[in-house]
Amino acid sequence: MGHHHEETDPLLKAKSIWQQYSKPVAIFIAAFIVIVGGWYSYKTFIVAPNEEKASLSMYKAEEYFRMDSLKFALNGDGTHKGFLYVINNYGGTKAGNLAKYYAGICYLKTGDFNNAVKNLEGFSTSAKQIQMMAYGTLADAYSELGKKEDAIKSYQKASETFTDDEVNASEYLFRAALLSEVNGNSQQAIDLYKKLKAEFPNTQHGRDADKYIHRLSDETGLTSK
């Protein structure tokens with residue numbers, strides 16, 4: 001009986017489990033420390049200095065961007081670096097990410113729509129105002145390339161990303177509706193104009209929505225209800 005008691009003693013059972021698993025647990029803990037320590041070192045000794053270097057490189061490029069000197073903003077001026085250098089050398093930093101947004105706008109303004117799309121598709125931010133403008137700019141580039149469906153979707157995403165900015169959000173929703181109309185999808189256009197009226201009634205586009213809906217309904221015979 002006593003022998004049986006020893007086998008089922010929870011303390012002994014726990015001890016045997018610990019003995020059985022102590023080595024794997026110790027290895028896990030050691031690995032965890034190495035991973036966390038390595039991550040800390042990476043953040044401290046690689047990411048932080050790179051963020052600083054990227055930000056310094058961005059400073060002059062942003063200045064050229066504000067001056068509308070887009071070639072210098074993209075490629076640098078021979079002394080100072082441009083957005084493309086920041087993207088290629090500091091792509092994993094916040095500044096490198098933001099450089100994609102700037103580069104996308106530069107390319108759009110200079111008519112290089114493929115590179116505009118490439119950079120804007122690779123950009124994302126938690127700052128909703130900037131993300132809205134990025135989706136809108138991406139939609140402009142898609143539209144210029146004749147990718148109407150992609151443009152309509154991106155305009156819609158732009159309008160939904162930051163609805164607090166009613167002027168810009170309504171503008172992007174209007175562009176989605178107008179492009180749907182131009183693209184021959186009249187029912188989708190009517191639905192988007194109705195959404196414009198419902199969601200942004202205090203904007204110019206929202207106030208004009210009925211006019212667009214009635215005109216389109218008269219032309220197509222589709223219902224505006």
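The values are calculated or read from the model by the stated rules, or taken from the named source; none is laboratory data. All values derive from a computational prediction rather than experimental measurement. With ideal geometry, Cβ positions are generated from the backbone for all residues, glycine too; neighbour counts draw on all protein chains shown. The accessibility values were calculated without ligands, DNA or RNA, using every heavy atom of the protein model including side chains. Shrake-Rupley method; radii C 1.70, N 1.55, O 1.52, S 1.80 Å.
Comparison of A116, A103, A141, A95 shows that the only residue that is touching a Ser or Thr at 6+ places or on another chain (Cβ under 7 Å) and in a helix (DSSP H, G or I) is A95.
Residue-wise test of (1) at pLDDT below 90; (2) open to solvent by less than 70 Å² (accessible area, probe 1.4 Å); (3) within 28 Å of the chain's Cα centre (by Cα).
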| position | (1), (2), (3) |
| --- | --- |
| G184 | no, yes, no |
| K194 | no, yes, yes |
| A198 | no, no, yes |
| H205 | no, yes, yes |
| A209 | no, yes, no |
| L216 | yes, yes, no |
| E219 | yes, no, no |
| L222 | yes, yes, no |
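Residue pairs whose Cβ atoms lie under 6 Å apart, sitting 6 or more positions apart in sequence or on different chains, and linking a residue in region 152-169 that is of a type in the set (A, V, I, L, M, F, W, C) to a partner that is open to solvent by 50 Å² or more (accessible area, probe 1.4 Å) and not in a loop (DSSP other than H, G, I, E, B), are A158/Y135; F162/K128; F162/Q129. Applying a threshold of 7 Å to beta carbon distances and a minimum spacing of six or more residues, or different chains, the list of pairs starting in region 100-118 at a residue that is closer than 17 Å to A61 by Cα and ending at one that is open to solvent by 50 Å² or more (accessible area, probe 1.4 Å) and hydrophobic (A, V, I, L, M, F, W, C) reads Y101/I130. Residue count for region 76-89 satisfying the condition of being farther than 16 Å from K118 by Cβ and in a helix (DSSP H, G or I): 2. If only residues of region 145-178 that are farther than 14 Å from M133 by Cα and assigned to a loop (DSSP other than H, G, I, E, B) are counted, the one that is farthest from the chain's Cα centre (by Cα) is G146.
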